[in-house]
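Heads up: the structure comes next, in structure tokens.
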Amino acid sequence: MLQNKDFIFTGNLTSLPDKTSFSWKSPSNIALIKYWGKTDPQMPKNASISFTLTKSYTETKVYFTKNYLKKKSDISVTLDGQKMDSFVPKIEQFLERINYFTPYLSQYNLEIITKNSFPHSSGIASSASGMSALALCIMSLEKELNPFLVESFFKQKASFLARLGSGSACRSVEGELVVWGKHKDIDHSSDLFGIKFSEETDPVFQAYQDCILLVDKGEKVVSSTVGHNLMIDHPYAEQRFNQANQNLARLVSVLKSGDLENFISIVESEALSLHAMMLTSNPYFILMKPNTLKVIEKIWRYRKDTGVPVCFTLDAGANVHVLYPKKWKEDVNQFIELELAKYCQNNHMIWDQAGMGAAPVSPIF
Ligand code: DP6
């Protein structure tokens, strides 16, 4: 079992290239069992599992330029063609956190050029896709310094670094299902990085559809940092962490058997439990909007009337992820267009599906 010390770079720091660049495209992910609550440094209080997405992604290119004079990296970030000075402190904090594992980085200035496939103000968090894309660019540099680095370790360390940027980002490196957090029923699961869920899953879960309904594109009321902190003195925290681990154990057998009825009840219960934690925290928050509830009611009615196995999940916000097997795509897409689109801001939806994870890109910037 890999430990923190195994991720410390041990290669040669004397022959670093003067200038090099790498680019990666990394998708977002949607948790089925939610991560909500952590300890320092980014260690989850319970195990989680997510579908890696396909169409919601971040594409990032990093130019690494050797910095001979200083000991600290100069960082610049450009998002969709615009300089984003406000992103720099978060990246600096990330680089400080990973410095122990990536000592070569402090000898470089980083010019980060990034873009998201989804609009910045869509209410979709870009931290998972953004941090994993950045971590992968850093690992490409590490691979240049150590050509013997094998692919499995490359991915593990990319996920390990991404976690230190944003917890859920460690689940975006691979696909289609990724587990993060030590769990007694899942071999090789770890709090330090995400692992591909390697049990044989029922084919019904392949290319699982996720239509993201952008019910509210506003800024998040509760940042994830604030949200995770709310779990520290939360009266139901321990029960919640146990519940999540139990739900994951149940989900593991559901993923193997293809039991959609139980899949639906676990996934929807997880989404509502996440929101229940926010409703009952101090201070308390309601992150759902009236249209979130309207969409949920419509999904329940449609499922009851037709028997089509469609369900929802939620992130820490008002947007709804509508989840359904690929073989029901035509029916559900029609239902979404006819009955749910009207609850989205400007009818905005993202038709996504589970996919295989991050990939390097040839330069496009
Ligand atoms: C509700 O990964 O955004 O989406 O580790 O503070 O960056 P940080 O938090 P983040 O939290 C995601 C929480 C969630 C549930 C999940 O994705 O598991």
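Any read-out appearing in this document is the output of simple, stated calculations on the displayed coordinates, not a laboratory observation. Fair warning: this is a prediction, and the values are worked out from it, not measured in the lab. All Cβ positions, even for glycine, are placed from backbone atoms using ideal geometry, and neighbour counts span all protein chains on display.
Structure summary
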{"quantity": "Per-residue ³J(HN,Hα) for the range 274-283, Karplus 6.51 cos²θ - 1.76 cosθ + 1.60, θ = phi - 60°, Hz, x for Gly and Pro", "calculated": "4, 5, 4, 5, 6, 5, 10, 8, 10, x"}
{"quantity": "Under 5 Å, built H, 5+ apart or other chain: amide partners of Tyr57", "calculated": "Ser28, Ser117, Phe118"}
{"quantity": "Using θ = phi - 60° and Karplus 6.51 cos²θ - 1.76 cosθ + 1.60, couplings along the range 146-156 (whole Hz; Gly, Pro as x)", "calculated": "9, x, 8, 4, 8, 4, 5, 5, 3, 5, 4"}
{"quantity": "Rg/Rh ratio calculated on Cα atoms of the chain (Kirkwood radius)", "calculated": "0.97"}
{"quantity": "Cα-centred dipole magnitude for the chain, charges only on beta-carbon of K, R (+1) and D, E (-1), debye, nearest 20", "calculated": "540"}
{"quantity": "Degrees, to the nearest 10: 237-257 long Cα axis against longest axis of the chain", "calculated": "80"}
{"quantity": "Where labels lie 7 Å past Cα in the beta-carbon direction, separation of Ser269 and Ala249 in nm", "calculated": "1.3"}
{"quantity": "Cα-based reach from Lys38 at 13 Å (exclusive), listing aspartates and glutamates while leaving out same-chain residues under 8 positions away", "calculated": "Asp191, Asp233, Glu238"}
{"quantity": "Lys329 versus Met1: modelled label distance in nm, points set 7 Å from Cα along the beta carbon direction", "calculated": "4.0"}
{"quantity": "Rule-of-thumb Rg ratio for the range 1-156 [Cα; 2.2 N^0.38 Å; N residues]", "calculated": "1.07"}
{"quantity": "Residue-span extension gain [Arg301 to His188] - 0.36 nm each, minus C-alpha spacing", "calculated": "36.7 nm"}
{"quantity": "Charge dipole (the range 185-308, unit charges on Cβ, about Cα centre) - positive-most of His275, Leu293, Ile195", "calculated": "Leu293"}
{"quantity": "Nearest-ten-degree value, helix 127-145 long axis tilted from longest Cα axis of the chain", "calculated": "30"}
{"quantity": "Placed amide H near Leu32: partners under 5 Å, 5+ positions off or other chain", "calculated": "Ile49, Ser50, Phe51"}
{"quantity": "Residue-span extension gain [Glu151 to Lys66] - 0.36 nm each, minus C-alpha spacing", "calculated": "28.0 nm"}
{"quantity": "Residue-averaged [θ]222 nm for the chain, counting only DSSP H segments that reach four residues, each worth -39500 (n - 2.57)", "calculated": "-10500 deg cm²/dmol"}
{"quantity": "Karplus-derived HN-Hα couplings along the range 85-99 (A = 6.51, B = -1.76, C = 1.60, θ = phi - 60°), whole Hz, x at Gly and Pro", "calculated": "4, 5, 7, 4, x, 5, 5, 4, 4, 4, 5, 5, 5, 9, 3"}
{"quantity": "Within the range 103-138, backbone nitrogen closer than 12 Å to the virtual label 7 Å beyond the Cα of Asp80 toward Cβ", "calculated": "115-124"}
{"quantity": "Built amide H within the under 5 Å cut-off of Ser189, gap 5+", "calculated": "His183"}
{"quantity": "Too-long pairs where the Cα-Cα distance tops 19 Å, listed order kept, from Lys55/Lys326; Lys304/Lys342; Lys25/Lys143; Lys72/Lys115; Lys55/Lys115; Lys217/Lys342", "calculated": "Lys304/Lys342; Lys72/Lys115"}
{"quantity": "Candidate aspartates and glutamates for bridging to Lys83, where Cα separation is under 13 Å - those fewer than 8 sequence places away on the same chain excluded", "calculated": "Glu111"}
{"quantity": "Cα-projected label distance for Ser257 with Asn109, points at 7 Å along beta-carbon direction, nm", "calculated": "6.0"}
{"quantity": "Extension reserve of the Glu92-Tyr284 stretch, reckoned as 0.36 nm per residue once the Cα distance is removed", "calculated": "66.0 nm"}
